[in-house]
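Report on the following structure.
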Amino acid sequence: VLGSQASSASRVNALNQAVGFAWTAKTRAMLWDANGTAKDLGALDNADPTHSFAYDISDSGRVVGKSRAMACVGGWPSFGEYAVVWEPSGTIQDLNNLACTRLKGSAASVAPLKGSSCNADWSNVQLMSADAVNEKGQIAGTAWNCTTQQYQPFILTPIRRSAGARRAPPRHSLVGSK
């Protein structure tokens with residue numbers, strides 16, 4: 001990226017769009033189009049605007065990564081990282097707010113990650129980094145469990161609405177380990 005000290009791309013989709021991040025006076029999630037034009041994807045409003053990272057992009061242009069907060073909040077990690085998704089429209093959303101329906105593995109449409117057990121109690125879990133997204137919209141990443149003080153994997157699966165349902169923001173079910 002012109003004017004940056006360094007930049008790094010981590011994934012390319014079928015449309016030759018790439019994601020990664022660039023370092024200038026700040027570290028920002030970036031999207032490069034097929035022509036090499038760079039776009040700063042931004043950060044969460046409640047996060048340090050100098051730190052965001054993009055790790056993966058779907059063929060539909062959905063980008064996942066993390067946004068880092070400056071403050072330490074209660075028992076959350078001192079670096080205050082939040083798993084995020086950037087929609088093709090350019091909006092950024094904290095996945096902790098999207099994962100509003102928390103289901104046990106038997107009720108979800110995906111199995112837990114290998115070695116994980118499912119549990120419906122995610123009240124002490126902070127989704128910290130979204131590392132991968134597939135064409136079904138499923139998002140995998142890393143969470144922090146404040147109770148066990150351990151990292152754990154997660155998968156978010158979009159909940160499809162019926163054809164006659166009122167249009168509402170997408171929701172996700174959460175599958176992972178406690």
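The values are calculated or read from the model by the stated rules, or taken from the named source; none is laboratory data. Being a predicted model, the structure only gives us computed values, none of them experimental. Note that each Cβ is placed from the backbone with ideal geometry, even for glycine, and that neighbours are counted across all protein chains shown.
Which of the residues spanning segment 122-141 are over 9 Å from the mean Cα position of the chain (by Cα) and more than 26 Å from Ala14 (Cβ to Cβ)?
Trp122, Ser123, Asn124, Val125, Gln126, listed by residue number.
Within the set of pairs 6+ apart or on separate chains, which have a first residue in segment 64-93 that is assigned to a strand (DSSP E or B) and among the basic types (Lys, Arg), a second that is exposed (fewer than 12 other Cβ atoms within 10 Å of the Cβ) and modelled with pLDDT of 90 or more, and C-beta atoms under 9 Å apart?
Final answer for the pair search is none.
Take the residues in segment 130-147 that are of a type in the set (A, V, I, L, M) and under 13 Å from Ser58 (Cβ atoms); name whichever of them is surrounded by the fewest Cβ atoms within 10 Å (Cβ to Cβ).
Ala132
Of everything in segment 84-100 that's over 14 Å from Leu41 (Cα atoms) and surrounded by 15 or more Cβ atoms within 10 Å (Cβ to Cβ), which residue is modelled with the lowest pLDDT?
Per the criteria, the residue is Ala99.
Out of (1) surrounded by fewer than 14 Cβ atoms within 10 Å (Cβ to Cβ); (2) more than 21 Å from Ala140 (Cβ to Cβ), the odd one out for Ala38 is which?
Here Ala38 meets the rest and fails (1).
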